[in-house]
């Protein structure tokens with residue numbers, strides 16, 4: 001065989017091999033494209049790749065309060081919202097020839113094959129996106145891994161045909177999981193840096209780009225050193241691609257890894273109690289509002305946007321006020337309920353069998369009991385487990401505490417903690433601006449705004465006064481006898497006479513209505529409800545939005561009913577809204593993932609009181625803060641002589657000078673402390689108490705509403721007034737065009753001041 005012939009055969013072999021290889025590759029790609037190597041996404045799937053999108057909860061001031069999600073805490077952003085430094089870092093590090101290839105970087109692939117991946121992989125950004133969207137985690141089986149890779153090549157080419165380069169980058173950064181529920185760049189920037197993506201520095205962008213290689217390995221919280229090394233590789237790649245110079249690279253490389261970790265979960269962050277209630281609201285709404293095709297919205301996957309009435313600034317101030325005062329109050333409660341002072345702590349004035357009953361009920365309501373019961377463990381075994389020492393983490397105001405105690409002891413420990421509920425609302429619109437359901441959602445998930453209903457004490461008295469004003473046109477200047485008083489038996493269906501006493505059993509002859517309400521005088525409230533009847537008072541409360549049961553008995557005048565903070569704030573707001581009740585609004589609108597409005601709130605209103613009656617009631621309530629139980633909102637200097645004001649009344653002195661309508665409330669044994677305060681455009685209610693009524697301060701000095709609840713309101717309002725971005729009113733309440741009821745007591749005639757609205761015969765009948 002001649003040399004020439006051998007050469008021709010070799011060339012023919014090369015061409016045949018090349019053709020066979022080409023045909024083989026084409027065949028493999030064709031087989032993959034046809035789905036012969038496994039399911040491939042169709043045209044519709046490529047056009048609309050399925051990703052789970054978190055539902056966003058958005059405040060009135062356009063801040064994301066939190067999200068509802070199942071596994072994916074993902075909120076997509078646009079290309080324009082991604083910092084250019086991050087795009088540069090991404091392309092330089094992950095795919096240098098991104099803008100010149102069509103999905104497959106043949107040079108990079110050849111390099112990866114030749115060096116077996118030791119000098120970098122061959123996957124382009126588009127291929128990585130294909131893996132994230134469709135093929136999933138690389139298989140450990142070599143054959144399956146090869147098939148996955150081929151499918152990624154095919155999908156990458158298809159993606160390049162259907163999307164622009166900027167769209168591919170956006171999709172990739174929106175879908176990547178950065179750990180800690182940081183799904184996508186929007187969540188990652190918030191969780192690791194407490195920023196929006198556009199606000200990230202080059203150093204922060206480079207850290208996240210470095211994490212794209214393996215977010216579990218390059219975890220900045222666990223392995224900051226190797227994350228720093230990986231970030232510096234990103235800088236090196238940017239230098240290599242002339243995106244930064246050597247000096248800038250060296251300067252950036254010297255920086256430490258810095259994170260401002262802000263985990264996002266259902267139990268952490270801002271407005272946690274509100275978000276928990278909103279979750280129930282949305283489940284109900286979804287159940288009654290299907291999509292156009294009849295299917296149901298998915299709160300955790302469909303990427304809804306819920307626009308709420310909550311103002312993140314007011315919410316923050318409310319949470320800060322609750323935290324500051326409750327931590328201070330708790331220290332004093334622990335001091336007064338040490339073993340030396342109270343052997344039955346945290347319970348007061350109850351017998352051992354009642355304590356045992358409280359503890360038994362708490363065990364049966366616990367998560368431990370529920371889980372053990374579900375596993376089929378009998379009651380004796382469950383009870384025995386409560387007495388076994390266990391490692392646990394318990395709540396403390398200075399941070400969670402790692403300790404060992406029995407579950408029984410932990411229940412009793414948690415019983416020591418005083419709880420709080422607070423809600424703030426705009427009376428005119430009904431928009432709820434702040435919602436604090438407790439002291440720490442992670443450890444105390446019971447919501448004391450909506451769920452909790454407690455005895456309201458003297459905060460109910462304004463409803464009695466308002467009824468009397470509306471029916472009888474009484475003036476705040478009208479005076480009534482302040483003496484021992486009884487509502488006769490059987491008058492309102494009660495079997496016995498009702499004879500309430502004043503606090504401290506003190507009586508001073510006569511009081512004006514303004515003075516009586518300011519000082520929560522029980523006998524005056526009794527006289528008023530006897531005159532107007534308990535049913536009209538209960539009806540007024542119901543018309544003002546109170547849905548809880550209120551019995552039509554005289555005792556409601558002193559606040560015997562159990563109501564929620566939500567109900568009370570909604571009702572009080574009507575006084576500041578000219579007698580018109582507006583049902584509290586929590587959600588203004590809901591949008592689907594495309595921005596289409598699928599729900600728009602419609603205010604629910606009801607005319608309840610005349611404008612004049614509402615205004616006169618406001619003037620009575622102003623008296624509470626001018627000279628009554630709320631006077632500490634205005635005076636200064638008490639902290640110099642009284643340790644209560646120095647150590648317990650958080651934020652004192654307040655020194656408010658603007659008109660404030662308000663009312664304190666304290667129930668029997670100091671079990672509940674209330675304060676509801678209003679300015680023209682903001683009504684806020686606060687409740688403080690123990691989980692059990694037997695958990696309370698021994699004396700009214702500490703247990704009254706003015707000490708337990710009022711400081712929260714005052715601290716909150718001080719913060720609101722200090723914020724120049726807010727418009728919380730300091731102006732007087734708007735008066736009606738005409739007021740027939742006298743309000744200026746000094747200008748009334750002596751006869752008018754001395755006259756009682758009770759006729760002589762009425763007084764005679766009652767023993768006066």
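Since every read-out is calculated from the coordinates, none of them should be taken as a lab result. Note that the structure is a prediction, hence the values are computed from the model and not measured. In this analysis, Cβ positions are derived from the backbone assuming ideal geometry, glycine residues included, and neighbour counts consider all displayed protein chains.
May I ask you to order 195-203, 177-185, 597-605 by the average number of other C-beta atoms within 10 Å around their residues, highest value first?
Working: 195-203: 16.9, 177-185: 22.3, 597-605: 12.4.
Result, highest mean first: 177-185, 195-203, 597-605.
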In nm, spacing of pseudo-spin labels at residue 604 and residue 505 (7 Å Cα→C-beta vector)
4.8 nm
Divide by every residue of the chain the summed helix terms, -39500 (n - 2.57) for each DSSP H run of at least 4, and state the resulting mean residue ellipticity at 222 nm, rounded to the nearest 500 deg cm²/dmol.
-13000 deg cm²/dmol
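Where a ≥ b ≥ c are the square roots of the eigenvalues of the C-alpha gyration tensor, would you call the range 153-259 rounded, which needs a/c under 1.5, or, failing that, prolate if a/b is larger than b/c, or oblate?
Values: a/c = 1.86, a/b = 1.31, b/c = 1.42.
It comes out oblate by the Cα gyration axes.
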Distance between the C-alpha centers of the range 481-504 and the range 509-548? Whole Å please.
13 Å
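Rank-order 677-688, 153-164 by packing density, defined as the average count of other C-beta atoms within 10 Å over each peptide's residues, highest first. Please report the intermediate quantities before stating the final value.
Details: 677-688: 26.6, 153-164: 18.4.
Result, highest mean first: 677-688, 153-164.
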Quick one: work out the % antiparallel among DSSP beta bridges in the chain, nearest 5.
90 percent
Where in the range 288-316 is the amide nitrogen less than 17 Å from a point lying 7 Å along the Cα-to-Cβ axis of residue 596?
289-299, 302-306
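I need the calculated FRET efficiency for the pair residue 631 and residue 496, taking r as the beta carbon distance and R₀ as 41 Å, to the nearest 0.05. Kindly include the intermediate steps, with their values, before the conclusion.
Working: r = 36 Å, r/R0 = 0.88.
Given R0 = 41 Å and the Cβ-Cβ separation, E is 0.70.
Fully extended, how many nm does the chain gain between residue 81 and residue 284 (0.36 nm per residue separation, minus their Cα-Cα distance)? Spell out each step's value before the answer.
Values: separation 203, 0.36 × 203 = 73.08 nm, distance 3.40 nm.
Contour length minus the Cα-Cα distance gives 69.7 nm.
Estimate the FRET efficiency between residue 387 and residue 539 by the formula 1/(1 + (r/R0)^6), using the beta-carbon distance for r and 51 Å for R0, to the nearest 0.05.
Details: r = 52 Å, r/R0 = 1.01.
Efficiency at R0 = 51 Å is approximately 0.50.
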Cα point-scatterer Debye curve for the range 657-709, base-10 log of I(q)/I(0) at q = 0.16, 0.27, 0.30 Å⁻¹:
-0.47, -0.93, -1.07
Pairs of Cα atoms under 8 Å, at least six residues apart: use those to get the relative contact order of the chain, whole percent.
12 percent
If you take Cα extents along the principal axes in Å from the coordinates, which of (i) 144, 64, 56; (ii) 107, 86, 62; (iii) 85, 77, 65 do you get?
(i)
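Show me 377-390, 88-101, 700-713, 325-338 ranked by packing, highest mean number of other Cβ atoms within 10 Å first. Intermediate values should be presented prior to the final figure.
On the way: 377-390: 13.0, 88-101: 19.1, 700-713: 24.9, 325-338: 17.5.
Taking the mean over residues of other Cβ atoms within 10 Å, the ranking is 700-713, 88-101, 325-338, 377-390.
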